[in-house]
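Structure, as structure tokens:
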Amino acid sequence: MRYFIFTLLICTTSFCFADTKDSIRWNDLSQKNQKLLKQFKHQWKDLSQAKKQKLVKGANRWSKLSPQQKKIARNRFKQWKNLSPEKKQRLQKRFQRFQSLSPEKKRHIRKTYAVFKRLSPEKRKLLKRNLENYRHKKNVNY
């Protein structure tokens, strides 16, 4: 009984005095996530709670990917790193606009994109060229 009360006291005390910024502690991460996030180990205590949550969420998602999906993600990350800051900013804004759309509009865009991807390379090229001409005439940037 003493051990239980002592343990309860320690847990309650540490909870009350815990630094909320460091509520995700490095040692509380799974071995798998520690391995994935090892580059952040030495700065972990200085990261914001939001950043830590984002990193853990990403590590959890990465762990669930198939080897093929990981390969695709690595290639996309390489492409991302090679983009100019301006291009990255445009893509981030486009992504934010997409995220703010209603679920119906998102579904419509995904469906339209799936149709586009099924087109032959020649037809896709033609559509892209027509869209670029339209944007140029209307001075529209996406």
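Here, each number is a calculation from the coordinates, and none is a lab measurement. Owing to the predicted nature of the structure, the values given are computational and were not obtained by experimental measurement. Quick reminder, even Gly has a Cβ in these numbers, built from the backbone with ideal geometry, and neighbours come from all protein chains shown.
Within straight cross-link reach of residue 105, meaning Cα distance under 20 Å, which lysines are found once same-chain residues fewer than 8 apart are removed?
The qualifying lysines are 93, 117.
Rg over Rh of the range 30-142, using C-alpha atoms and the Kirkwood radius, what does it come to?
A ratio of 1.06.
Given a Förster radius of 30 Å and the C-beta distance between residue 46 and residue 89 as r, what FRET efficiency does 1/(1 + (r/R0)^6) yield to the nearest 0.05? Present the calculation step by step, with values, prior to reporting the outcome.
Numbers: r = 26 Å, r/R0 = 0.88.
In this case the efficiency is close to 0.70.
I want to make sure I understand the PRE zone here: with the label point 7 angstrom from the Cα of residue 77 toward its beta carbon, which residues in the range 26-63 have backbone N atoms less than 14 Å away?
33-40, 55-63, by backbone N distance to the label point.
Report the percentage of all Cα-Cα pairs in the range 102-142 whose separation exceeds 16 Å, rounded to a whole percent.
Within the range 102-142, distances greater than 16 Å cover 51 percent of Cα pairs.
Please compute the modelled spin-label separation between residue 24 and residue 130, points set 7 Å along Cα→Cβ, answer in nm with one decimal.
Modelled inter-label distance: 4.5 nm.
Can you give the FRET efficiency to the nearest 0.05 for residue 97 and residue 70, using r as the Cβ-Cβ distance and R₀ = 22 Å?
Efficiency at R0 = 22 Å is approximately 0.20.
Once the piece of chain linking residue 138 and residue 62 is laid out straight, how much longer is it, given 0.36 nm per residue of separation minus the C-alpha distance between them?
The residue 138-residue 62 span can extend by a further 23.3 nm.
Within the set 70/138; 88/137; 41/111; 52/111; 78/125; 41/88, which residue pairs have Cα atoms separated by over 32 Å?
70/138; 41/111; 52/111
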